[in-house]
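Here's the structure, in structure tokens; my notes come after.
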């Protein structure tokens, strides 16, 4: 059981990078919007698409860890 738990924890480690990436992305987005408010719509759309892709990585890591624990 301890090996499975360790493998599940290792599978969840990319969530740290996902959280840092999303926070950095939205921080940069708010800075860019404050510099150029006219381009808010196009930048926001790209940011939300990027956040969705990052969240899909997080969901994939979570599913892999659940599979490792249940097998």
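Read the figures in this text as sums done on the coordinates, not as results from a lab. Given the structure is predicted, the values throughout are model-derived calculations rather than measurements. Positions of Cβ are backbone-derived with ideal geometry, glycine not excepted, and every protein chain shown enters the neighbour counts.
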key: Nearest 10 degrees, 0 to 90: helix 2-12 Cα axis against the chain principal axis   = 10
inquiry  = At a 10 Å Cβ-Cβ cut-off, how would you order 1, 43, fewest neighbours first?
reply    = 1, 43
query = Given the options 23, 42, 56, which has the most mean-square fluctuation in a GNM of the chain, springs set between C-alpha atoms less than 10 angstrom apart?
reply = 42
remark   = Among (1) 7.0; (2) 4.6; (3) 5.7, the entry matching mean projected area of the Cα convex hull in nm² as calculated here is (2)
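Restricting to DSSP H runs of at least four residues, report the calculated mean residue ellipticity at 222 nm for the chain, -39500 (n - 2.57) per run over all residues, nearest 500 deg cm²/dmol. Write out the running numbers ahead of the final one.
On the way: 3 runs with 64 residues, N = 71.
About -31500 deg cm²/dmol.
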inquiry  = Taking a virtual spin label 7 Å from the Cα of residue 3 along the C-beta vector, which residues in the range 30-71 bring their backbone nitrogen under 18 Å of it?
reply    = 65-71
note = Two pseudo-spin positions, 7 Å from Cα along C-beta at residue 60 and at residue 44, lie apart in nanometres by 2.9
remark   = Among 49, 38, 20, the residue with the largest mean-square fluctuation in a Gaussian network model of the chain built from Cα contacts under 10 Å is 38
ask   = What angle, in degrees between 0 and 90 and rounded to the nearest 10, separates the Cα long axis of helix 40-70 from the longest principal axis of the Cα atoms of the chain?
value = 0
